[in-house]
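Encoded as structure tokens, the structure appears first; notes follow it.
The values are calculated or read from the model by the stated rules, or taken from the named source; none is laboratory data. Since this is a predicted model, take the numbers as computed values, not measurements. Glycine also receives a Cβ, built like all others from the backbone with ideal geometry; neighbour counts cover every protein chain displayed.
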Amino acid sequence: MQTEEPALTRLRVVRWMQLLTPLMLAWFGWGAATADPGFGLTGRRLIVVLAAAVFVVGVFGRNATAGPPTGTAHAVFVGAMLVSSVTLVAVQPGGPGSVAVLVAVLCAATALMPVRVAVPALIAAFVVLEMVATITGQGFGFLAVLAGFAVLFGLMYLAFRLAEAQRETKRLLAELEAGQAALAEAAGLAERQRLAREMHDVLAHSLSGLTLQLEGARMLVTDDPTDPRLPVAVDRAHHLARTGLEEARRAIGMLRDDDLPGPERLPALAEQFARDQAVPCDFTVLGEPHPLASQARLALYRVAQEALTNVTRHASPRRVSLRLAYEPTATRLTVEDFAAGPPVVPSASDGYGLTGMRERAELLGGTLDAGPTGHGFRVELAVPA
């Protein structure tokens, strides 16, 4: 947009000059016809020169506006106007329209040509005009009047450009404010989505385990209220409820990054799963651990947590394996269950689990693969190292 505005401004100037040039030349002709007799062309010869000037300016002006606005076309147009105007001054220097024509041409040169081209062109034009004024006997008075008008119109043109710059600045500020508002809205949406993932992962893991423990306690109470396993099941349910509440508070409170869980908590997560489900759950680390971004650390923990929750819901495994591999370009987490029966694939109606895990991976530029194996189900997350 910024590169198009100056070009469109120059194109508008060319079109206005196309409309105004015949009027200025007509004024020039009227002045020549009504002024006192003096040096210069008169009669038919003056009419021929005026017609030729109008024709030249019209042709070059049409070429300058026919295609895309370019500096070359505008420079040729200004050059044609300069030649025509200097010729008119030479053939009829006393006409009152001379100053108006020349000032308009000089303003057009300033508007249409780059500064590095316009300044030398204007200097050359003044030199030529000084020579013409000397030859025709007008002296420096004509140039003084011309310079005065040029300064006046130059200041007017400068004010016009400053007003345009002010309008452009206001437009850019409005666009900037709109962009900032859109960014703020997008950031708010992203934060709500992040919080939704956190709450899902926390509550799904805690409530699933809590449900199983309470179901076990209910069965024990029904069978034998004095069963010694009943207090253990109740204690586990209480622990799960307390842990889930603490993690939910962390998610809602949006604590600092260093308070968020990461890979260092995976061994405790595996131990808790083995204790609660009475299923062996081994944890293995491969490679040399290296620092990870806070969101990558959190994703590794949450995906492991959600994968174990899915195992609890959908499988009856003989054992479960957690493997964390630190590779040169990625950190890879694999959660795999070895089921006693045929593997069960979680369906789309089972909640936000697999979708949330994939979203976490994509936001980090990583990948998540989940699917059945010959002996169970595997979830594999890879995040950039």
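Taking every residue in the range 269-291 that is closer than 19 Å to Asp337 by Cβ and pairing it with any residue that is modelled with pLDDT under 90 and of a type in the set (Gly, Ala, Ser), at least 6 positions away or on another chain, the pairs with Cβ-Cβ distances below 7 Å are Asp276/Gly209.
Residue check: Glu306 meets all listed conditions (1) crowded, with 22+ Cβ neighbours inside 10 Å; (2) modelled with pLDDT of 90 or more; (3) out of contact with any Pro (no Cβ under 8 Å at 6 or more places or on another chain) but one, namely (2).
Screening the candidates Val383, Val279 for the property of being modelled with pLDDT of 85 or more and within 22 Å of Leu260 (Cα to Cα) yields one hit, Val383. Summed over the range 288-342, the residues that are within 33 Å of the chain's Cα centre (by Cα) and among the small types (Gly, Ala, Ser) give a count of 5.
Okay, residues lined up against (1) at pLDDT 70 or above; (2) part of a loop (DSSP other than H, G, I, E, B):
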residue	(1), (2)
His200	no, no
His205	no, no
Ser208	no, no
Ala217	yes, no
Thr222	yes, no
Asp227	yes, yes
Val234	yes, no
Thr243	yes, no
Arg249	no, no
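Look at Ala296 and say whether it is crowded, with 16+ Cβ neighbours inside 10 Å, closer than 15 Å to Arg360 by Cα and among the small types (Gly, Ala, Ser). So Ala296 fits the description; yes. The set of residues from the range 305-332 being of a type in the set (A, V, I, L, M) and free of Cβ contacts under 8 Å to residues at least 60 places away in the same chain comprises Val320, Leu322, Ala325, Ala330.
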